[in-house]
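Undergrad: Dropping the structure in here first, questions after.
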Amino acid sequence: MSSEHRFLKACRREPVDCTPVWMMRQAGRYLEEYRELRAKHSFLEMCRTPELAAEVTVQPLRRFELDAAIIFADILLPLPAMGIDLEFAKGEGPVIGNPVRTADDVAALTPIEPERDVPFLSEAIRMVRRELADRVPLIGFSGAPFTLASYIIEGGGSRNFVDTKTLMYGRPEVWHAFLDKVTEVVIAYLKYQIEAGAQALQLFDSWVGILSPRDYEEYVLPYSTRVFEGIGHSVPTIHFGTDTTTLLELMKQAGGDVIGLDWRVELSQAWELLGHDVAVQGNLDPIVLYADQTVIEERVKRVLDSAGGRPGHIFNLGHGILPTVPVENAGFMIDAVHRLSGCPKE
Ligand code: CP3
């Protein structure tokens, strides 16, 4: 039964036979079989073609003993339906042609209707569920309102988030109207994934660590809270961000059965701070995967020791796996997590 999977049990802080592990960005460019397909199709084409998205989702599961799959998609996929021009420029990541900066820009944004605007996503989820045949659970995801808003305002990635903060501080009423709209999109996008068969959801607030706790409370917390309330409790939820050491308690307050941790915090300390009534996910530095396997093993052990065998730990990297990581090291890490946490031999 799917609720018996160790990943889902760990989300609910139930005891498990050994520590579940998956990797953010596990479907991606560090895999040769991904690059092969990607050479023939653009990134957006891959996301929008259910057969391709489903294939790429299961690629890492053919190689590794992962405890969860994550659907191949992107946090930016709902943007075009809102009226935002999205492109992925070669080697540069996402580029938005008409960034939102003014009250008029916000007023022009439209809500999404997932079955009309992102039908490929539910089809890909159904295909993956069929192919996995309940071997491991499938995670769906969305960007969190802040992180999505920051891309839409900046027009792409950013270092200092100058335009985002300028809007936030200078035109708070426009900021709130904007976040209100983005929040509705996030809720619709996530509910659609649950209906299609996603068995857990991760909310990526990847760049929220750029904010102070007081700014988080005022400009972000109400919206992330609404997302968690809006999607309900039918599947476990993971609330992830980076550089969030000072924001962890507020992120817990916003919601999530599991709080994602990056490598900047000591897992045991972060868990203590959060309280043990919530599960945690993390938090190996992704760069450790470039080191010798003896070092990887030692660092995996450190994370496991920091979690102390307490129910409610999901092993992951502190952020996504990088495209140039040696594949065999990813496999070694996954096996090390299972071996060192006492998995029964297959
Ligand atoms: O985790 C997985 O394997 C599922 C797939 C997934 C992708 N993007 C595929 C992808 C997930 C979970 C995401 C989330 C995502 N997308 C985030 C939040 C996660 C994080 O890293 O914090 C963000 C910020 C995005 C937006 C995005 N998509 C950026 C900034 C980029 C360019 C940077 C990059 O890594 O190239 C993308 C492109 C992207 N999304 C790729 C993949 C596999 C690379 C596309 C390619 O093949 O060229």
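The values are calculated or read from the model by the stated rules, or taken from the named source; none is laboratory data. Source: prediction; values computed, not measured. Positions of Cβ are generated from backbone atoms using ideal geometry, with glycine treated the same way; all protein chains shown enter the neighbour counts. Calculation scope for accessible area: heavy atoms of the full protein, side chains included, ligands and nucleic acids excluded. Shrake-Rupley method; radii C 1.70, N 1.55, O 1.52, S 1.80 Å.
Undergrad: Which one of PRO94, PRO20 is under 30 Å from VAL337 (Cβ atoms) and under 20 Å from the mean Cα position of the chain (by Cα)? I'd like the intermediate steps shown before the answer.
TA: Numbers: PRO94 fails: under 30 Å from VAL337 (Cβ atoms).
Within the list PRO94, PRO20, the selection yields PRO20.
Undergrad: Sticking with this one: Every residue in the stretch 326-346 that is buried (at least 20 other Cβ atoms within 10 Å of the Cβ) and assigned to a loop (DSSP other than H, G, I, E, B), please.
TA: The answer is SER341, and nothing else.
Undergrad: Name the residue, out of PHE7, PHE72, PHE88, that is at pLDDT 95 or above, open to solvent by less than 70 Å² (accessible area, probe 1.4 Å), among the aromatic types (Phe, Trp, Tyr) and not in a helix (DSSP H, G or I). Full working, then the answer.
TA: Details: PHE7 fails: not in a helix (DSSP H, G or I); PHE88 fails: at pLDDT 95 or above.
Sole residue among the options that is at pLDDT 95 or above, open to solvent by less than 70 Å² (accessible area, probe 1.4 Å), among the aromatic types (Phe, Trp, Tyr) and not in a helix (DSSP H, G or I): PHE72.
Undergrad: Additional query: Residue check, ARG159 against (1) over 27 Å from ILE139 (Cβ atoms); (2) in contact with a Cys (Cβ under 8 Å, 6 or more places away or on another chain), all met but one. Which one?
TA: (2)
Undergrad: Answer yes or no: is there a residue in the stretch 222-241 that is closer than 26 Å to GLY156 by Cα, polar (S, T, N, Q) and open to solvent by less than 10 Å² (accessible area, probe 1.4 Å).
TA: Start the filter on the stretch 222-241 by keeping residues that are closer than 26 Å to GLY156 by Cα, which leaves 222-228, 238-241.
Restricting the remaining residues to those that are polar (S, T, N, Q) gives 224-225.
Still in the running and open to solvent by less than 10 Å² (accessible area, probe 1.4 Å): 224.
Yes: one or more hits.
Undergrad: Continuing with the same structure: Here is a list of conditions, (1) open to solvent by 10 Å² or more (accessible area, probe 1.4 Å); (2) farther than 27 Å from LEU79 by Cα; (3) touching a residue at least 24 places away in the same chain (Cβ under 8 Å), and ARG62 meets all of them except one; can you say which number that is?
TA: All conditions are met except number (3).
Undergrad: Please enumerate the residues belonging to the stretch 1-36 that are in contact with a helix residue (DSSP H, G or I) (Cβ under 8 Å, 6 or more places away or on another chain) and either of a type in the set (Val, Ile, Thr) or near the ligand (Cβ under 9 Å from one of its atoms) (or both).
TA: Passing the criteria: VAL16, THR19, VAL21, TRP22, MET23, GLN26, ALA27, GLY28, ARG29, TYR34.
Undergrad: Go through the stretch 251-287 and count every residue that is out of contact with any strand residue (DSSP E or B) (no Cβ under 8 Å at 6 or more places or on another chain), part of a helix (DSSP H, G or I) and touching a residue at least 24 places away in the same chain (Cβ under 8 Å).
TA: First pass over the stretch 251-287, keeping only residues out of contact with any strand residue (DSSP E or B) (no Cβ under 8 Å at 6 or more places or on another chain): 253, 264, 266, 268-269, 272-273, 275-277, 287.
Filter again for part of a helix (DSSP H, G or I), leaving 253, 268-269, 272-273, 287.
When the remaining residues are screened for being touching a residue at least 24 places away in the same chain (Cβ under 8 Å), the result is 253, 268, 273, 287.
Here the count works out to 4.
Undergrad: Quick one: which residue in LEU121, LEU179 is closer than 21 Å to THR57 by Cβ, among the hydrophobic types (A, V, I, L, M, F, W, C) and buried (at least 18 other Cβ atoms within 10 Å of the Cβ)? Full working, then the answer.
TA: On the way: LEU179 fails: closer than 21 Å to THR57 by Cβ.
After applying the criteria, what remains is LEU121.
Undergrad: Same structure, new question: Among the numbered conditions (1) within 13 Å of the ligand (Cβ to nearest atom); (2) part of a helix (DSSP H, G or I); (3) of a type outside the set (Lys, Arg); (4) within 19 Å of LEU250 (Cα to Cα), tell me where GLN202 comes up short.
TA: (2)
Undergrad: Might you check whether a residue that is under 17 Å from the mean Cα position of the chain (by Cα) and crowded, with 16+ Cβ neighbours inside 10 Å occurs anywhere in the stretch 31-45?
TA: Initial filter on the stretch 31-45 (under 17 Å from the mean Cα position of the chain (by Cα)): none.
No, the conditions are met nowhere in the stretch 31-45.
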